[in-house]
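Report on one structure; see the data block that follows.
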Amino acid sequence: MDDIKTYMQQVGKQARAASRIMAQAATLEKNLGLEKMAAAILSGSSRLIAANVKDISVAHTNGMDAASIDRLTLTDKSIRSMAEGMLQIAALPDPIGEINDLKFRPSGIQVGKMRVPLGVIGIIYESRPNVTADAAGLCLKSGNAAILRGGSEAIHTNQAIAACVLQGLRESGLPESAVQVIDTTDRAAVGELITMQEYVDVIVPRGGKSLIERISQEARVPVIKHLDGICHVYIDEEADLQKAIRIADNAKTQRYGVCNAMETLLVAASVAEQVLPSLADIYRDRGVELRGDEMARRLVPHMVQATEEDWRTEYLAPVLSVRIVAGLDEAIAHINTYGSSHTDSIVTENYSRAMRFLREVDSSSVMVNASTRFADGFEYGLGAEIGISTDKIHARGPVGLEGLTSQKYIVLGSGQIRT
């Protein structure tokens, strides 16, 4: 334990020192670092795959479930996506140093705000090794230093990606300790990271509910987080039903083990008979278990009876809750009661209903006529995301560059004194 504490303290000191250098780094330097990282990831793809195979083999031996193995797996496509994410981040405007809202006050001073880095960001995550690259890239461009602690199930993959990141930092002349990947799987390292107030400015947990709850309860530094992804699609009585079928299919089946997959389908009673049996056939062909309320089960008898707990469950699996509602009011009430403030979508051709849904659904991403699967930093044009926040303070929704910065007041004067 003492060795872990000493190790983490050293990591923290190095990160704090690197954060001061990164806060002053020029945009061209940061972009060069990102480009070098991307090149290292692409050139090292065979090493990344080989390391990932080791982790997947262990995962199978340990009986890891299919959804978790899916999140753990790297492919040539996902490696290219990691590199592309780095290049997209490089292409984004640099937020650091941006000055806005400058206004003259009666005293003659000008008061405005300047965007600045948060400092040192600790990221704790499970399974998905692409987080290592995404977090490194976003923290680098936003002028922060990062301490990354991936799950033990991805230790070989994360270390291989870390080597590519380190190569990019070294080749671009940026401090190598600007991104540090913890090399121990000891859980005590997490306990140290989330309590190092003198070295860490914010923690971002990415993983299962138990991990995020633990971090939220034990952290002594601010946390950017979401607990669940209980996402809804509501098919309105004025929906284009063919459009609704495509969206409801994609939102659930495009990928199961992700936080922006639909977990509950709500259907207006007036169109349920027209749309629900067709959707049920699609879900059955794809192996999705349906759990419905009484009205839904009358239309699709093979549905399992839904329980109260189903409306509150993030399955991350081929399971879907289905409820028939009277209309828009009941749909909004259901979402605001059972949802997790993550992502919710309405399918409708009625502008007024769409606007009501956007205003009244209290989630970090609210959509009209689009799959919930678009709730993602990459799809939002952020280059990548460090996580999704369902909190209402500082950052909300997919957290990209701006979410990893803060603003400080600046005052420009010409000799004014206060009388």
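Residues considered: S321, S142, S270. Largest GNM mean-square fluctuation over the chain, using C-alpha springs under 10 Å, is found at S270.
Taking 32 Å as the limit for the C-alpha separation, the pairs K13/K36; K113/K243; K54/K243; K5/K54; K5/K141 exceed it in the case of K113/K243; K54/K243. Computed over the Cα atoms of segment 354-419, the ratio of the radius of gyration to the Kirkwood radius (Rg/Rh) comes to 1.23.
Hey, in the GNM for the chain with a 10 angstrom Cα cutoff, which one of P398, P301, P117 fluctuates hardest? Maximum among the listed residues: P301.
Projecting the Cα atoms of N260, Q197, S78 onto the charge dipole of the chain (Cβ charges, centred on the Cα centre) puts Q197 farthest toward the positive pole.
Can you tell me the mean projection area, over all orientations, of the convex hull of segment 231-324's alpha carbons? Units nm², please. Kindly include the intermediate steps, with their values, before the conclusion.
Values: hull surface 20.4 nm².
For segment 231-324, averaging the hull's shadow over all directions gives 5.1 nm².
A 1.4 Å probe, protein heavy atoms only, puts the accessible area of I109 near 40 Å².
Surface composition of the chain: carbon plus sulfur atoms hold 49% of the accessible area, using a 1.4 angstrom probe and ignoring ligands, DNA and RNA. For P(r) over Cα pairs in 20 Å bins from 0, in percent, the value computed from the atomic coordinates appears in the list (1) 25, 50, 23, 2; (2) 27, 57, 14, 2, 0; (3) 26, 42, 25, 6, 0 under label (1). Output the 0 to 90 degree angle, nearest 10, between the alpha-carbon long axis of helix 130-141 and the longest principal axis computed from the alpha carbons of the chain. Computed tilt is about 50 degrees.
Working note: 222 nm ellipticity from helices only, DSSP H runs with n ≥ 4, each -39,500 (n - 2.57), summed and divided by the residues of the chain, gives -14000 deg cm²/dmol to the nearest 500. Springs join every pair of Cα atoms under 10 Å in this Gaussian network model of the chain, and among D249, D281, D391 the largest mean-square fluctuation is at D281. Each residue of segment 334-349 was assigned a 3J(HN,Hα) from its phi angle through the Karplus expression (A = 6.51, B = -1.76, C = 1.60, θ = phi - 60°), giving 4, 4, 6, 8, 9, x, 10, 6, 8, 8, 9, 9, 10, 10, 7, 9 Hz with x at Gly and Pro. Cα centroid separation, segment 124-157 to segment 61-78: 17 Å. Placing unit charges on the Cβ atoms only, positive for Lys and Arg and negative for Asp and Glu, gives segment 280-414 a dipole magnitude near 200 debye about its Cα centre. For the chain, the longest principal axis of the alpha carbon atoms and the long axis of helix 351-360 meet at an angle near 60°. List the residues, sorted by chain then number, that are 5 or more residues from E289 or on another chain and whose placed amide H is less than 5 Å from its amide H. Correct list: V319, L320.
Could you please report the charge total around K141, scoring K, R as +1 and D, E as -1 over all other residues with beta-carbon less than 12 angstrom from its beta-carbon? Here the count lands on -4. In order along segment 180-192, the Karplus-derived 3J(HN,Hα) couplings, from 6.51 cos²θ - 1.76 cosθ + 1.60 at θ = phi - 60°, round to 10, 9, 4, 9, 10, 9, 4, 5, 4, 5, 5, x, 5 Hz, and Gly and Pro are given as x. Applying a DSSP loop filter and a limit of 14 other Cβ atoms within 10 Å to the trypsin sites (Lys or Arg not before Pro) in segment 276-379 leaves R286. 3J(HN,Hα) couplings calculated from phi for segment 115-123 with the Karplus curve 6.51 cos²θ - 1.76 cosθ + 1.60 (θ = phi - 60°) are, in sequence order, 7, 9, x, 6, x, 10, 10, x, 10 Hz; Gly and Pro show x.
Note on segment 93-111 and segment 163-223: Cα centroid distance 33 Å, given to the nearest whole angstrom. Principal-axis analysis of the Cα atoms of the chain puts helix 209-218 at an angle of about 40° to the longest axis.
Summing Lys, Arg as +1 and Asp, Glu as -1, what charge do residues with Cβ under 13 Å from the Cβ of P117 carry, P117 excluded?
Around P117, the surrounding residues sum to +2.
Restricting segment 324-419 to chymotrypsin sites (Phe, Trp or Tyr not before Pro) that sit in a DSSP loop and have at most 16 other Cβ atoms within 10 Å of their own Cβ leaves Y380.
Just to check, using Stokes-Einstein with a Kirkwood Rh over alpha carbon pairs, what's the diffusion coefficient of segment 100-237 at 37 °C and 0.692 mPa s in µm²/s? In µm²/s, the coefficient is 194.
The values are calculated or read from the model by the stated rules, or taken from the named source; none is laboratory data. Keep in mind that this is a model prediction, so the values were computed, not measured. Positions of Cβ are generated from backbone atoms using ideal geometry, with glycine treated the same way; all protein chains shown enter the neighbour counts. We work out accessible area using only protein heavy atoms, side chains counted, and drop any ligands, DNA or RNA first. Shrake-Rupley method; radii C 1.70, N 1.55, O 1.52, S 1.80 Å.
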